[in-house]
Structure formats: structure tokens, C-alpha cells
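The values are calculated or read from the model by the stated rules, or taken from the named source; none is laboratory data. Since we're looking at a predicted model, the values are computed, not measured. Counting neighbours? That spans all protein chains shown, and the Cβs are built from the backbone with ideal geometry, glycine included.
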Amino acid sequence: MNELTREEVEKGIKKKMSFEGANLKGIDLKFMDLSSGIFKNANFRYADLTNTNLSNADLSGASLRHAVMVNTNLSGADLTNADLTHADIRGATMVGTKINNAQVRGAKGISEKVFFTQELLDELNAQGKLLLEGETITILTKAKPKFSLQQAVRFTALDSGEDTEKLVGKVKPLNELNDIKAEIFPDSVVVKDNVYRVETGFIGLPLKEELANKEKEESKAKKDEELLAEFFLKNVK
């Protein structure tokens, strides 16, 4: 099967075509709106899906091996039986994502923590799916997972200067930024004269996992910036 181009996918999405079983290997679909698209059993190996909107898309059985899915919106998407082996899913939004029997071995971004953007929390609150109690939230889905919150920002791009601190794509709590004397603004952060574009939000740590995972976190030395919650994937449906 011939590999499709970005332009062909864009035209097909507008016509609400099905891409079931499509060959999308290595394709660049960055920043595209593919919400509610049908990609069942599609081949996305090595595809670039950075900042792509795949909310409510059917990706069941899809091969996403080695795909770049940084900051991808996968809320409500169906990833049942999908292959995410060695995929980069750091910063992806996965509220209500179905991921039963998905393969995640070697995927970057698997951790007990999750980054909630302020926009996402506002949306959940507007839908009546969020219960806020002090610095704790409960997502009002079937599993009702609870998270303790810590203010943070996600570095999305470098506007000027050099990324000498290698912050782009990472999430940092405000206390760490204060420690390095960063200047924090609503949508930007200045670190050593380097200006970064950021999203404001919160790091969420699953409460029921907090103590159980403490030793595991230490033994595996997981990085705080890898903020896709394994707990979240398994329980938010």
C-alpha cells in the first residue's frame, strides 16, 4: 500500500474519509486537527504527531511504534490494542483515552505523574467532571482518580535566545524555576535571557499511588518531566 501524504490526509479528513489500515509511515502531521478521524489498524510507525489533535479518534490496533506524539491531544481516543512501543508520548493529554491491551514497552513519557493544563482543568470543570478540594482534584469518571496538584509550566517553544537549559518539551514546577531565578509570566518564562513560550498548569500525582510508588520512583530514577501517568492510562475511562 502506498504511503499517504500530509495533503492527502488533510483533504480526506475534511471529507470525513476513513483511513482504516492506511499506510502513514513516517508522515509529518504536526499541529493538524485529526479529531474524530478513523485510523483503525493504520500504520503510523515513525510518524511525527507533535501537537496533533487526535481527540476522539479511532486508533484501535494502530501501529504507533517510534511515533513522536509530544503534546498530542489523545483525549477520548481509542487506542485499544494499539502498539506504542518506543513512542514518544511526553506531555500527551489522555483524559478518557481507551488504552486496553495497548503495548507501551519502551515508550517515553510513562510515569506516575500527569501534567494538567489550566485549559484542560477549566474544560473538565465546565463539563462537571472535576471536583476540586484544596490542592486535590478528583476526575469524575468511572474510576474517579484523585490527584494532588503542584503548580507548574510546560515549555512548548523557544521564542528567543538558545535553549542552553534544554527546557523545551519539559515540565517544571514553579518552585524549581524560582530556585534558578527565572522570570515567570502568564505565557512565557525568561531563563538567563532566553525567552520560552509556556503553558501554565499543574503536575498531578495520583494520591492512591503516591506512597506505593515512592520506592519504585527512586529505584528507576524516573525524570519529573516525563509526565504521562501510567496510572492515568489504566484508570481514566
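Rundown of residues vs (1) touching an Asp or Glu at 6+ places or on another chain (Cβ under 8 Å); (2) under 22 Å from Thr156 (Cβ atoms), yes/no style:
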residue	(1), (2)
Thr5	no, no
Ala22	no, no
Lys40	yes, no
Arg45	no, no
Ala62	yes, no
Ala67	yes, yes
Thr80	no, no
**Request:** Sort out which residues of the range 9-21 are surrounded by 17 or more Cβ atoms within 10 Å (Cβ to Cβ) and over 18 Å from Gly76 (Cβ atoms), and write them in order of number.
**Result:** Val9, Gly12
**Asked** So Leu24 clears everything in (1) surrounded by 19 or more Cβ atoms within 10 Å (Cβ to Cβ); (2) without any contact (Cβ under 8 Å) to a residue 12 or more places away in the chain except one condition, right? Which one?
**Response** (2)
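Can you give me the ranges of the strands (runs of 3 or more DSSP E) entirely in the range 136-195 with at least 2 residues that are at pLDDT 90 or above and farther than 21 Å from Leu124 by Cβ?
Working: elements: 136-139, 146-160, 171-173, 188-191.
Passing ranges, in order: 146-160, 188-191.
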**Flag for Leu228 being more than 15 Å from the chain's Cα centre (by Cα), of a type outside the set (Gly, Ala, Ser) and either under 20 Å from Ala87 (Cα atoms) or at pLDDT 90 or above (or both)** = no
**Fill in**
Within the range 124-135, the count of residues that are farther than 22 Å from Glu176 by Cβ, outside any helix (DSSP H, G or I) and not small (Gly, Ala, Ser) comes to 6
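For the range 27-56, what are the residues that are small (Gly, Ala, Ser) and surrounded by 20 or more Cβ atoms within 10 Å (Cβ to Cβ)? It would help to see each step written out before you state the result.
Residues of the range 27-56 that are small (Gly, Ala, Ser), as a first pass: 35-37, 42, 47, 55.
Across the range 27-56, the qualifying residues are Gly37, Ala42, Ala47, Ser55.
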**Asked** In this structure, is Arg6 surrounded by 19 or more Cβ atoms within 10 Å (Cβ to Cβ) and among the basic types (Lys, Arg)?
**Response** no
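For every residue, the table says whether it meets (1) in contact with a Phe, Trp or Tyr (Cβ under 8 Å, 6 or more places away or on another chain); (2) basic (Lys, Arg); (3) loosely packed, with under 14 Cβ neighbours inside 10 Å; (4) without any contact (Cβ under 8 Å) to a residue 40 or more places away in the chain.
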| site | (1), (2), (3), (4) |
| --- | --- |
| Gly128 | no, no, yes, yes |
| Glu135 | no, no, yes, yes |
| Pro145 | yes, no, no, no |
| Gln150 | yes, no, no, no |
| Arg154 | yes, yes, no, no |
| Ala157 | yes, no, yes, no |
| Lys166 | no, yes, yes, yes |
| Ile184 | no, no, no, yes |
| Ser188 | yes, no, no, yes |
**Complete:** Taking first residues from the range 30-53 that are farther than 17 Å from Ala92 by Cα and second residues anywhere that are of a type in the set (Val, Ile, Thr), the pairs with Cβ under 6 Å that are 6 or more apart or on different chains are Gly37/Ile13
